[in-house]
1. Got the relative contact order for segment B:2-293 handy, in percent, Cα pairs under 8 Å and 6 or more residues apart?
2. Please compute the length gained on full extension between residue B:147 and residue B:280, using 0.36 nm multiplied by the number of residues separating them and subtracting their Cα-Cα distance.
3. Mind checking the dipole of chain A: about its Cα centre, +1 per Lys or Arg Cβ, -1 per Asp or Glu Cβ, Debye to the nearest 20?
4. Angle check, please: helix B:213-237 long axis (alpha carbons) against the longest principal axis of chain B (alpha carbons), in degrees 0 to 90, nearest 10.
5. For residue A:324, enumerate residues with amide H under 5 Å from its amide H, sequence gap 5+ or separate chain, H modeled in the peptide plane.
6. When the gyration tensor of chain A is built from Cα positions, what are the square roots of 5 times its three eigenvalues, in whole Å, from largest to smallest?
7. What does DSSP give for the protein assembly as shown in terms of the percent of beta bridges that are antiparallel, rounded to the nearest 5?
8. Please state the charge dipole magnitude for the protein assembly as shown, taken about the Cα centre, from unit charges on C-beta atoms (+1 on K and R, -1 on D and E), reported in debye and rounded to the nearest 20.
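Every number in this text was worked out from the coordinates using simple rules, so none of it is lab data. Small disclaimer: the values here were computed from a predicted structure and weren't measured. Cβ coordinates were reconstructed from backbone atoms using ideal geometry, including for glycine residues, and neighbour counts include every protein chain displayed.
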Amino acid sequence: MMDSPSYMLSKIAEKDNLTVYELFFGPNHPGMHGNFGYVLEMIGTEIVKVRPNAGHLHRGFEKLMEQKLWVQNIALVPRICVADPDPNEVAYCTAIEKILRVDIPDRAKFLRTITLEMSRLSSFLMGMGALAAAVGLYTAMNIMTADRDLILDLFEWLTGARVYHMFSIPGGVRNDLADGFVERLYKVLDHLEKRLIEYDKLLFENPIIHKRLKGLGYVSKEDAVKYGLTGPNLRASGNPYDVRVDDPYAAYPYLDVRVITQEGGDALTRAIQIRLEFEETINLIRRALKTMPEGEIRLNLGNLSALKVPKGEAYAKVESSKGEFGYYVVSDGGMKPYRVAVRGPSLPAGLLLAQKHLPKMKIDDVAAWMASLAICPPDIDK
Amino acid sequence: MIAAIRVFGYSLFAIFIGLLFMGIGRKIIARIQLRLGPPFYQAFLDVGKLFARKSITHNFVMDLGMIMSLAGLLSTMLFVPVAGHMAIKTSSNLILIIYLMAIGHLGMAMAAAASGNPNATIGVSRALTMMLGYEIPFFTVMLGLIIFNGTSSLELIAQSQAGGILNWNMVKFPLGFLAAEIALQAIMGEKPFDAMVAPAEIASGPMVELGGKYLGLAFLTHAVSIFVETGIMVNLFMGGASNVFTFVLKQFEIYLITILIEAVFPRFRIEQAVKFLWTVPMSIAVVQLAIILL
Amino acid sequence: MKLDKESIIELLNQKGVEVLDLYPNQISVNIKKDNLLNHLVFLRSIGFDHLSFINAVDFIDEGEFELVYHVWSYTHKIHVLNKVRISRNNPVIPTIVNLWEQAQFYEQEIHEFFGIIFEGNKDLSPLFLENWVDIPPLRKDFDTKEFSVRLFGAEIRR
Amino acid sequence: MEDLKANDKRSYIDNLIDFFRKRSIWMLHYCTGCGAVELPPSMTSRWDIERFGIVPMATPRQADVLLVTGYVSLKTLKRIIKIYEQMPEPKWVLAFGSCTVNGGIYWDSYNTITNLAEYIPVDITVSGCMPRPEAVIDALQTLMEMIQSGEGGAYKKYKENYEYYKKNQDRVLRKTAPILGSSETESIYQEKEGNYET
């Protein structure tokens, strides 16, 4: 039974008369976001070696998707990333539309963009809350989670679901904005912008946060590209790359997306990067709402349940709040996808960087390090 | 016999006040976090539940350690004058209190270390490191007050402040009060100095293997420690009190400050915490000591 | 220096690989197994420095696995799908860990899910599944439904 | 009638203890699946389940209720069983979403179990994919009522029918690596002979 002291079980070796022991950071650990684990080999409080222990969330998505109809998979894909589900739908639909070689109506593009950016807001709020909780600032976490709910409410109004929206379908989106939605969205955006001042005082300008995160998990400009980091983590290291600008999809070509970059590359810079992008996202939604055209919201592709996609393949990528979400879809001309492969944005950070950064780090900083890189285990495991 | 009843009554009173403070503290934090929060008597429910649970012990050292920690703090409490009343009369209780308080913490450390969980061991080493950090500035402030009053009796120090708010040491020695207040934050183990518990880092540290009655005892220990620590502060800086009700009210004021700081600060890393305690409150305390001596 | 799609296609054609123009910003390249490393080194040398990911496709009817190396260039803004076909009976391919470190985990994943062996990769231990004893699950001949019914009694509670 | 008689036998002390238990439910801070994303909203400012005395706890030793939030993969199932057995009694299990009843959307996946109740006793199942915070609160309130009336006690079932649960657990977990000392995982993995068939 588990009654024998775990110390005896976890002691694995001796090095220079110091005991090397195993400490399980996750999957059941308050500092771990999601069902994921690092097995840390430690001397005292210092980590000497890390073994990522992934796969607790593995559901075999790529296999399941081969067995369902093209449109049925829309219900499956958002579940790959729980915190930021919309990029999955959009990437999957964009890949199908690429193979079909169709161009969706402009209004549908804008609606997709708006949901994507709302999803980004909610994910950023969750990420900032996780960072706050990792350093013990539960007040910020509480307020941020409550504010995230305002966006989820809007999602519920628009799509009928709080978390998994299934809003984008091949050829467009499911339904149009309801009356009064835009006004309400503006109100929420104003509220979030006001709250940002409070977050700054509470979290981003807090001297203790600065002390704790400064210099933690430094990634240089070259390394960020070399290790395959994407999204805010890449931009926080001074690389001005953003899928929304470089390989535009949805309505981003019509919108003037401002790419925010910072020099620094440590945890503090990454935290502030998220905060700056949060502000920019609010502005982007405002711009999108202003320039959104009227018109159709989806193409007529016939009965979607009987949708047949011609033989071919496509890779579609979407900038999610954590980085590049990519879907590689292969069709053999049938009713079901032949193969869908998913590129989650967290893998390089969660698995590779963990092995580079965590050794020599103290146990104190693991949770904050993980939150600052916005590692989302479900998209590693798939 | 009467002495025994007195001791028992005092202990119950301290536990009651401590648990009440814990509940109210949670409520206040909840309100700061825009929540409703648990009822103010939540801590009593928690303790009641914990004692009704099955508990797992690892060895007898763990049992002994938990009892030692509660007993250590309860015996400290007996020397804290509550509005002029004391369970056991002595003439120089401040020194005694300082030493007895350590026993409580050591008992907790013993129990946690006996559980064998690496998280608990890290937590204990952090708690003891933190002790090193806060005791030096706190004792420096105390030393100043002992020198000023020429006595180490907490009761006499409290009495010397009688006669209005302007006579309180809090007003007379604002720097000392500030230093003691920062150190108190660490003594109570509240943020930003809660590295020993730190759920996100070491999964609640020393408490990681405690469940059921052991956690209940830890709760009671924490309750008594709140009573003792706020009690010392009231006697040292707020002039004691003429009746029990005012005393508890003053204690609550001290606790309120702690809670409000706790709600809006993240936590230091342990080495940062000790460095902070040895620089900021320490230098304030030294300046205060110099003012008193000169 | 930013190159446009046409000049990249021309560059690759000069190298003697078969290039397919897929979509704006996306080209597909068919390469031979022996040429893989040289080709990727060349791509990297002309600025394709982001390995998006690697995935495998099981073409069971043709008896082949197709490995797709997704490479993206931040300077040219072009996505290249490098496709390598290997035999299904002898699925061996050289590793690219020395080029991109994060390929380690993609190769581990593909080894786990397809049973493809990456020559030169020191650590092909399973990443997600523990002690998998059946055929690798993402191969087309693995029936996940049948497996689920057999092990978890899935159908009974449908 | 049986139940009423059982209730009559309960003394004041029992009722008092059950009152304490009901008003101070501590749940384990373990996010097993995607249902966990609705826990932060229900724990924080908007829904605030702390007003019922429900707080997340860091370790299984301190927890009263284990939340299984969504699908359970084989790797997770092993941890869930370990954690469940580490929790001191009385303990309860709350299963979230359709994934824990019949596998939900992942019913034909090779790595997720279909029915959690075969492996550990479940007290309450919450419907939905994923359950809304209201549903979570409703489930916890139902659990509170069950505790007060003394009927919530699937953990007793686990002790009585241990062989049944153990058999099911072994069936799916037989060939998986141990959690502790997992540095030997690789060598175990090498022994590919043997079949998992039941």
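1. On the way: 477 pairs, mean separation 83.5, N = 292.
Relative CO of segment B:2-293 lands at 29 percent.
2. Numbers: separation 133, 0.36 × 133 = 47.88 nm, distance 2.21 nm.
Stretched out fully, the residue B:147 to residue B:280 stretch lengthens by 45.7 nm.
3. Details: 47 positive and 48 negative charges, 112 e Å.
That gives chain A a dipole magnitude of about 540 debye.
4. Orientation of helix B:213-237: about 10 degrees from the principal axis.
5. Close amide H contacts, sequence-distant or interchain: A:230, A:231.
6. Details: eigenvalues 274, 129, 64 Å².
Semi-axis lengths for chain A are 37, 25, 18 Å.
7. Working: 59 of 80 bridges.
Taking every DSSP beta bridge within the protein assembly as shown, about 75 percent pair in antiparallel fashion.
8. On the way: 105 positive and 111 negative charges, 282 e Å.
Computed charge dipole of the protein assembly as shown: roughly 1360 debye.
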